[in-house]
Amino acid sequence: MINFGYKISTPRSIDMDSADSRLYCQLVEAVPSYRYCIGCGGCTATCSAGQFTDFNIRKAHFLFSRRQYDKLASDTFTDTDLNKCMLCGKCSLVCPRGVNTRGLILQMRKLLLK
Amino acid sequence: MKKIAILGAGPAGIEAAAVLAANNCPVTLFEKEAQPLCNITDKAFLFPNFADANEVAASLRAKLDNPNITLRCSTEVTQLTPSYIAGFQEESLTGTPVWKVNEELYDIVLLATGYTPFDAHRKEELGYGIYPGVHTSLEMEKMIKEGNIVNSLGEKPKRIVFLQCVGSRDEKSGNHYCSKLCCVTAVKQAIEVKKQLPDCEAYVFYMDLRMWGQGFEEMYRTAQQEYGVSFVRGRISEAGGTFDGRVQIKAEDTLLGRPLKMTSDLLVLMVGMEASKGTRELATQCRICGEYGFAQSKDPHLHDCQSEAPGLFVAGACKRPMTLTDSVNDGRSAAYEILTSL
Ligand code: SF4
Ligand code: SF4
Ligand code: SF4
């Protein structure tokens, strides 16, 4: 086949209508404080892993809340690859809303690896 | 005895009338509607404590029960002219300006003509008046008050989206200012929706959440914590109707930097506050019309209830968006300014 150089672009848009909310609901149930996040980014600012890699914890759990689970898989090598977290817990210390961020990561890993 | 007219029987006008009456000053209170306090009685519950709006209105209305107060409902004031502009001769009798309110003369006038909600038709891209699933916050409040929250098909909605800053903070609407109340009102309404329909999803799309008042931030937290209301930082750019009477919205989830779309049974537009027709017209007639058609006080710090026009005082949301609490306090302040001026 001749390669004409065309490709099909996948839409970047988050489609909340086709989203699967089951994992999200399970995460909220396991870590209720997940709901209180106000997106301030304090967790990302203090994150030990974020100082040395492009890991962004706030973005990671925001993606989860918009049901974009595939972006969090461990083989993506993206800035939301949950395996980059060292579970040091600093993020939980700074959160102004008392979100159990460390617990959140543990649960996200558990749910996504299932 | 000086004759005092108060224009507008809202919270500011009523509170001012009550204070003046308690100080033995007869006042005439003009109201264009058939009933006073229409902007409160159309609400279900009031932030931040979910007080019953009818009860609060009744307590305010009870203050009118004073022989010094003459309430004239269904009386729209369309003419407000001071003698120094119109040059009529009555001024010469006392040496101080007099005011013509419609055809009657008064020595002192308090402008408390309030606000009007932004007309959502002006934001055509949001589909108000075009798609049946798009409502204003006032229509949502009515549904909450009647305990009858339904989508355009008359069914219980599964998802409701609230959009902040409609007609405020928007150059396209000609209003650069923040209306101050819509953020907390959306949170209040989202909580009410979840109380009445626990299985309905509620999303609030915001540019900034301005939870400035006592108890507001706590309400925001309660909405997340106890009612599971979701907040998305991003402004909805357009809404379209679906074949089944729902609404599809487009926004950016700015915290993820990605476009987002979602279909909702209802889209609730949190309309801002604009100067009412009465405020615009009367403030213009007596030359105290400021930005956006609101009445301009003499000085925003120390003389906020006075105006540049002698004998003319200003109180409440005719000056800028104001909460009920602030309007009541402002009406009271204006009354004391009037008493001091006598
Ligand atoms: S627990 Fe993970 S996400 Fe939190 S600060 Fe440590 S490395 Fe970062
Ligand atoms: S610090 Fe807390 S509130 Fe701020 S983004 Fe992180 S989890 Fe959310
Ligand atoms: S109070 Fe909130 S919704 Fe209303 S104009 Fe201000 S920022 Fe926008």
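The values are calculated or read from the model by the stated rules, or taken from the named source; none is laboratory data. Just so it is clear, the structure is predicted and the values come from calculations on it, not from any experiment. Virtual Cβ from ideal backbone geometry, glycine too; neighbours counted across all protein chains shown. With ligands, DNA and RNA removed, areas are computed over all heavy atoms of the protein, side chains included. Shrake-Rupley method; radii C 1.70, N 1.55, O 1.52, S 1.80 Å.
Overview of results
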item: Pick from segment B:191-236, criterion open to solvent by 70 Å² or more (accessible area, probe 1.4 Å) and in contact (Cβ under 8 Å) with a residue 60 or more places away in the chain, ranking: farthest from the other protein chains (Cβ to nearest Cβ); result: B:GLN214
item: Hits in segment A:98-114 - residues which are within 14 Å of another protein chain (Cβ to nearest Cβ) and either within 13 Å of ligand 1 (Cβ to nearest atom) or surrounded by 17 or more Cβ atoms within 10 Å (Cβ to Cβ) (or both); result: A:VAL99, A:ASN100
item: From A:CYS88, A:CYS43, residue being over 21 Å from A:ARG12 (Cβ atoms), away from ligand 3 (no atom under 16 Å from the Cβ) and within 13 Å of chain B (Cβ to nearest Cβ); result: A:CYS43
item: Unmet requirement for B:ASN148, which otherwise passes all of (1) within 16 Å of ligand 3 (Cβ to nearest atom); (2) farther than 22 Å from B:MET262 by Cβ; result: (1)
item: The one condition in (1) more than 8 Å from chain B (Cβ to nearest Cβ); (2) surrounded by fewer than 17 Cβ atoms within 10 Å (Cβ to Cβ); (3) away from ligand 2 (no atom under 16 Å from the Cβ) that A:SER13 fails to fulfil; result: (1)
item: Residue within segment B:121-134 that is within 15 Å of the chain's Cα centre (by Cα), open to solvent by less than 10 Å² (accessible area, probe 1.4 Å), at pLDDT 95 or above and under 24 Å from B:ALA44 (Cβ atoms) present; result: no
item: The lone exception for A:ALA60 - which of (1) near ligand 1 (Cβ under 10 Å from one of its atoms); (2) surrounded by 21 or more Cβ atoms within 10 Å (Cβ to Cβ); (3) more than 21 Å from B:LEU260 (Cβ to Cβ) it fails; result: (3)
item: Lone qualifier among B:ALA34, B:ALA9, B:ALA18 - being part of a loop (DSSP other than H, G, I, E, B) and buried (at least 23 other Cβ atoms within 10 Å of the Cβ); result: B:ALA9
item: Looking only at segment A:16-30, and only at residues there that are open to solvent by 20 Å² or more (accessible area, probe 1.4 Å) and assigned to a loop (DSSP other than H, G, I, E, B), the one that is nearest to the other protein chains (Cβ to nearest Cβ); result: A:ASP17
item: Any hit, segment B:247-263, residues being outside any strand (DSSP E or B) and either among the acidic types (Asp, Glu) or within 27 Å of the chain's Cα centre (by Cα) (or both); result: no
item: Residue match in segment B:236-246 (condition: assigned to a strand (DSSP E or B) and more than 27 Å from the chain's Cα centre (by Cα)); result: yes
item: Selected residue (only one of B:ASN39, B:ASN49, B:ASN54, B:ASN24 is on the phi > 0 side of the Ramachandran plot, in the same structural domain as B:ASP326 (by TED's automatic domain parsing) and open to solvent by 40 Å² or more (accessible area, probe 1.4 Å)); result: B:ASN24
item: Condition check for B:ALA58: touching an Asp or Glu at 6+ places or on another chain (Cβ under 6 Å) and not in a loop (DSSP other than H, G, I, E, B); result: no
item: Test: residue in segment B:148-158 that is under 21 Å from A:SER21 (Cα atoms) and either buried (at least 21 other Cβ atoms within 10 Å of the Cβ) or aromatic (Phe, Trp, Tyr) (or both); result: yes
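Conditions tested, residue by residue: (1) open to solvent by less than 30 Å² (accessible area, probe 1.4 Å); (2) within 14 Å of chain A (Cβ to nearest Cβ); (3) within 16 Å of ligand 2 (Cβ to nearest atom).
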| position | (1), (2), (3) |
| --- | --- |
| B:ASP253 | yes, yes, yes |
| B:MET273 | yes, no, no |
| B:GLU308 | no, no, no |
| B:PHE313 | yes, no, no |
| B:ALA317 | yes, no, no |
| B:MET322 | yes, no, no |
| B:ASN329 | no, no, no |
| B:ALA334 | yes, no, no |
| B:THR340 | no, no, no |
